[in-house]
Amino acid sequence: MIAQNKSLIAYCGLYCGDCPFHKTEDNIPDLARDLRGILRKYKFESITQEIPLREFKHYKECYQYLGAMVRLRCRRSCRNGGGNPFCKIRKCCQKKGYDGCWECGEFEECKKLKQMRSVHKNALLLNLKNIRKRGVYNFIKGKRYW
């Protein structure tokens with residue numbers, strides 16, 4: 001099982017199994033799909049036209065956003081071709097023959113990793129340091145950041 005989970009460690013140090021777009025339970029794409037289905041079932045669009053709340057003016061856009069969330073589903077891990085097909089981090093690691101950024105002596109200053117901080121804050125650096133210090137298998141079994 002651990003060997004199987006090893007493939008869920010992204011090159012950047014994130015763990016795909018923790019991602020809300022990849023998880024098998026309570027993932028955002030399924031929740032968005034289900035909500036769209038319920039809204040259709042109850043013909044909520046017509047309800048929004050009858051109730052004078054100003055927020056309902058944007059119902060169609062909201063429904064489209066939910067559709068976009070459904071399309072964010074990630075069925076494959078980063079290592080297996082999932083995620084961003086243009087990921088510079090993955091390409092860098094593959095070019096250098098690294099299993100992940102934790103094998104690189106420059107990951108703490110890496111500009112490619114810094115670009116992901118707007119979403120993931122310090123999670124990448126914390127995970128990468130953890131993998132480097134404790135190893136891949138202990139990382140899988142232990143606490144991770146997302």
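Annotations for the structure displayed:
- Taken over the stretch 3-44, the convex hull of the Cα atoms encloses 67 Å³ per residue.
- As a ratio to 2.2 N^0.38 Å, the alpha-carbon radius of gyration computed for the stretch 1-119 takes the value 1.43.
- D_trans [Stokes-Einstein, Kirkwood Rh over alpha-carbon pairs] for the stretch 81-146, 25 °C, 0.890 mPa s, µm² s⁻¹: 196 µm²/s
- Under the combined filter of DSSP loop state and at most 14 neighbouring Cβ atoms within 10 Å, the stretch 35-133 retains these GluC sites (Glu not before Pro): E106.
- Positive-end residue of A32, F56, F139, charge dipole of the stretch 27-143 with Cβ unit charges: F139
- Modelled label positions at E108 and L35, each set 7 Å beyond Cα in the direction of Cβ, lie 4.1 nm from each other.
- According to the Cα-based calculation, Rg over Rh for the stretch 28-72 is 1.00, with Rh computed by the Kirkwood formula.
- Among the listed pairs K112/K143; K23/K91; K91/K114; K111/K141; K88/K111; K88/K114, those beyond 20 Å (Cα-Cα): K112/K143; K23/K91; K111/K141
- Computed per residue of the chain from DSSP H runs no shorter than four, each worth -39500 (n - 2.57), the mean residue ellipticity at 222 nm is -14000 deg cm²/dmol.
Where a number appears in this text, it was derived from the coordinates with a stated rule and is not lab data. Just so you know, these numbers come straight off a predicted model, no measurement behind them. Glycine also receives a Cβ, built like all others from the backbone with ideal geometry; neighbour counts cover every protein chain displayed.
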